[in-house]
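The values are calculated or read from the model by the stated rules, or taken from the named source; none is laboratory data. Every value quoted in this text rests on a predicted model; they were computed, and no experiment measured them. Positions of Cβ are generated from backbone atoms using ideal geometry, with glycine treated the same way; all protein chains shown enter the neighbour counts.
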Amino acid sequence: MITPKENKSLLEREPRFDDSYCSMQAIPKIPKSQLKETRILVSYARRFNDEVIRPLALKTDLKSFQDPEYLPWDLIQKVNEWGFYTLFIPKIFGGQGWAFTSLNYVIEELASACVGIANVVFVHYLGFVTMLGSWNISVINKVCREVKEGERTGNPCLISLAITEPGAGTDVEEVELVDRGRVTCFAEKVKGGYIVNGNKIFISMGHVSTWHALVAYTDLKKPSENTLMLAVKNGMKGFSFGKHEDKMGQRACPASELIFQDCFVPDENVLVDSRTVPPSQLRETGELVNQIIHYVVEASRPAVGAFGTGVARGAYEQALKFAGETAVDGKLLINHEWAQIMLAEMYKNVIAGRLAYCEANFSNSLKGGIFSFLQIKPVYYYMKYVPQAVIDIFIVPFYKTKLFNWFMRQVFVEGQSLEAQKRCSGWASIAKFMGTDMGMKNSQMAIEMMGQAGLRHEQGCEKILRDSKLLQIYEGTNQLNRLNLFNCLIARCIPQARVFEEE
């Protein structure tokens with residue numbers, strides 16, 4: 001029997017409880033109306049699938065093969081008309097303000113119809129979250145108001161994240177590895193701003209975005225301590241677009257090269273400079289940008305897991321439909337036991353991917369998680385019900401004050417403990433490689449079940465297979481995410497374990 005006196009000692013023996021039971025702890029704290037919000041948004045996404053994505057998915061894919069320079073302006077216009085580009089931007093920045101915790105459920109829904117088009121919709125939020133991580137309110141507000149204006153006028157305004165470099169792909173997404181990568185995007189301080197030189201590659205939606213959250217370095221020998229984040233807008237002198245990648249899959253979503261040749265970025269567009277941020281109780285000088293990178297991947301990697309889960313579901317649904325319509329040896333394929341076993345395995349893979357990204361969501365909702373402040377019920381309901389005009393009159397004027405910016409950064413970024421960072425980052429990696437591996441697995445199984453028919457473009461299954469492979473590569477390769485999981489949730493329990501050390 002457990003006595004009351006034993007409770008405290010038993011709790012002290014379970015320091016890793018938070019790592020394993022995120023949903024159990026988070027669910028009681030989540031505002032009830034978030035469930036209703038999510039249902040509405042998923043239903044809206046299903047209607048978008050039926051009216052826009054499914055009629056265009058195969059046509060868009062084929063068009064991109066016929067014209068490798070094709071850019072999906074028609075799709076972007078549709079997405080803009082449906083309001084997806086402001087859907088999850090908070091009302092304090094002029095957006096619609098739907099709960100960010102619902103994002104991954106909507107991503108899965110859209111990706112089940114076409115993950116390439118789902119990226120046309122949601123890669124925009126990768127750039128937005130990167131800017132948000134800086135909590136430079138005046139810049140974020142300026143960019144987001146342009147996104148809102150683009151929705152109103154019918155001229156879409158998107159945001160991209162410019163971080164990957166020719167000599168440093170995955171390295172730049174892990175703080176422990178960035179100094180080993182051959183980074184070349186150099187920012188030199190001059191009067192009134194910075195001069196940037198270098199290239200960024202594989203930038204999703206780069207050619208069709210208006211704003212770019214650029215990660216550059218003021219010292220290429222020690223980039224981890226000299227990281228700079230800038231907001232770069234199309235038309236700035238010295239900024240241009242390079243090649244548009246001819247990809248195997250996800251062809252609806254362009255991958256771009258961005259070129260900076262003596263590009264001047266004014267001080268007013270500096271999101272954060274690691275060298276100028278004063279130290280706090282939790283962070284040393286120069287570490288804030290590294291923390292922001294953690295902040296971003298804690299949200300973006302579960303989203304990629306949701307993309308992968310959507311792919312897994314799309315492949316399963318294609319195989320299920322084929323099995324219900326195709327006869328083998330005189331009876332429908334779906335009535336063969338071997339096919340039933342395969343379909344059950346595919347269904348299990350969808351559930352596993354979904355559970356992983358949901359648990360990552362719940363981790364981000366716990367104390368110290370990136371959603372935790374927004375889950376506080378008074379904050380949530382204030383943001384939900386206060387009219388936009390009231391926010392614009394009484395809150396927006398504070399955006400240019402240093403104190404307000406400092407407070408928001410303390411709450412959302414520096415307020416995250418190292419323990420919470422490890423938990424959130426570890427679960428983000430689990431969600432990423434679990435969901436994307438399940439997407440790849442189901443794509444292969446669907447082709448196996450459908451045989452030659454699965455290789456025909458009009459069936460859509462070979463496209464799903466082509467689309468799924470890229471998911472295992474971006475947002476950190478799945479190998480890197482497995483190492484990050486080990487680093488965050490396993491190694492800290494074993495003092496002699498060493499991760500990311502050079503061999």
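Scanning the range 230-247 for residues that are within 18 Å of GLY167 (Cα to Cα) and part of a loop (DSSP other than H, G, I, E, B) yields a total of 1.
Consider ALA453 carefully, then state whether it is farther than 25 Å from LEU483 by Cα, of a type in the set (A, V, I, L, M, F, W, C), in a helix (DSSP H, G or I) and at pLDDT 85 or above.
For ALA453, the condition - farther than 25 Å from LEU483 by Cα, of a type in the set (A, V, I, L, M, F, W, C), in a helix (DSSP H, G or I) and at pLDDT 85 or above - is met.
For the range 448-462, the candidate set comprises residues that are of a type in the set (A, V, I, L, M, F, W, C) and surrounded by 19 or more Cβ atoms within 10 Å (Cβ to Cβ); within that set, the residue that is farthest from GLY426 (Cα to Cα) is MET450.
Which one is farthest from GLY426 (Cα to Cα), of the residues in the range 329-362 that are of a type outside the set (A, V, I, L, M, F, W, C) and touching a residue at least 60 places away in the same chain (Cβ under 8 Å)? Reasoning before the result, please.
Here is the first cut: in the range 329-362, the ones of a type outside the set (A, V, I, L, M, F, W, C) are 329-331, 335-337, 340, 345, 347-349, 353-354, 357, 359, 361.
Checking the rest, the ones that are also touching a residue at least 60 places away in the same chain (Cβ under 8 Å) come to 345, 349, 353-354, 357, 359, 361.
On the way: GLU345: 26, ASN349: 20, GLY353: 15, ARG354: 16, TYR357: 12, GLU359: 11, ASN361: 12 Å.
The selected residue is GLU345.
What are the pairs, 6+ residues apart or on separate chains, where a residue within the range 226-241 that is closer than 22 Å to ILE137 by Cβ and in contact (Cβ under 8 Å) with a residue 12 or more places away in the chain has its Cβ under 6 Å from a residue that is in a strand (DSSP E or B) and of a type in the set (D, E, K, R)? What qualifies is LEU228/ASP273.
Out of the residues in the range 217-229 that are in contact with a Phe, Trp or Tyr (Cβ under 7 Å, 6 or more places away or on another chain) and either outside any loop (DSSP other than H, G, I, E, B) or not aliphatic (A, V, I, L, M) (or both), which is nearest to LEU271 (Cα to Cα)?
LEU228
Where residues in the range 197-231 are at pLDDT below 95 and of a type in the set (Phe, Trp, Tyr), which of them is farthest from ALA255 (Cα to Cα)? My answer is TYR217.
GLU257 fulfils the conditions (1) charged (D, E, K, R); (2) assigned to a strand (DSSP E or B); (3) at pLDDT below 95 except for a single criterion, (3). In the condition set (1) more than 30 Å from LEU62 (Cα to Cα); (2) among the polar types (S, T, N, Q); (3) touching an Asp or Glu at 6+ places or on another chain (Cβ under 6 Å); (4) modelled with pLDDT of 95 or more, SER280 is compliant with all but (4). Just name the residue that is farthest from GLY181 (Cα to Cα) out of those in the range 219-245 that are surrounded by 15 or more Cβ atoms within 10 Å (Cβ to Cβ) and small (Gly, Ala, Ser). In this case the residue turns out to be GLY238.
Return the residue satisfying two criteria in turn: it lies in the range 365-392 and is in a loop (DSSP other than H, G, I, E, B) and either in contact with a Lys or Arg (Cβ under 6 Å, 6 or more places away or on another chain) or among the hydrophobic types (A, V, I, L, M, F, W, C) (or both), and of such residues it is farthest from LYS91 (Cα to Cα). Give the derivation first.
The initial filter retains those residues of the range 365-392 that are in a loop (DSSP other than H, G, I, E, B), namely 366-371, 376, 386-387.
From what's left, either in contact with a Lys or Arg (Cβ under 6 Å, 6 or more places away or on another chain) or among the hydrophobic types (A, V, I, L, M, F, W, C) (or both): 366, 370-371, 376, 386.
On the way: LEU366: 23, ILE370: 18, PHE371: 16, ILE376: 16, VAL386: 9 Å.
Out of the qualifying residues, it is LEU366.
Entry remark, the range 177-216: residues being closer than 20 Å to LEU480 by Cβ and either under 17 Å from the mean Cα position of the chain (by Cα) or assigned to a strand (DSSP E or B) (or both) number 6 in total. Just one residue in the set ILE447, ILE391 is farther than 30 Å from VAL499 by Cβ, in contact (Cβ under 8 Å) with a residue 12 or more places away in the chain, of a type outside the set (Ser, Thr, Tyr) and touching a Gly at 6+ places or on another chain (Cβ under 7 Å); that residue is ILE447.
Within the range 417-435, not a single residue is without any contact (Cβ under 8 Å) to a residue 12 or more places away in the chain, part of a helix (DSSP H, G or I) and not aliphatic (A, V, I, L, M). Screening the candidates LEU489, LEU465, LEU418, LEU470 for the property of being within 25 Å of the chain's Cα centre (by Cα) and surrounded by fewer than 15 Cβ atoms within 10 Å (Cβ to Cβ) yields one hit, LEU418.
Against the definition (part of a loop (DSSP other than H, G, I, E, B), at pLDDT below 95 and either in contact with a Lys or Arg (Cβ under 6 Å, 6 or more places away or on another chain) or within 30 Å of ASP246 (Cα to Cα) (or both)), how does PRO15 come out, yes or no? The answer is no for PRO15. For the residues LEU71, LEU75, LEU56, the requirement of being closer than 26 Å to PRO302 by Cβ and either modelled with pLDDT under 95 or not hydroxyl-bearing (Ser, Thr, Tyr) (or both) singles out LEU75.
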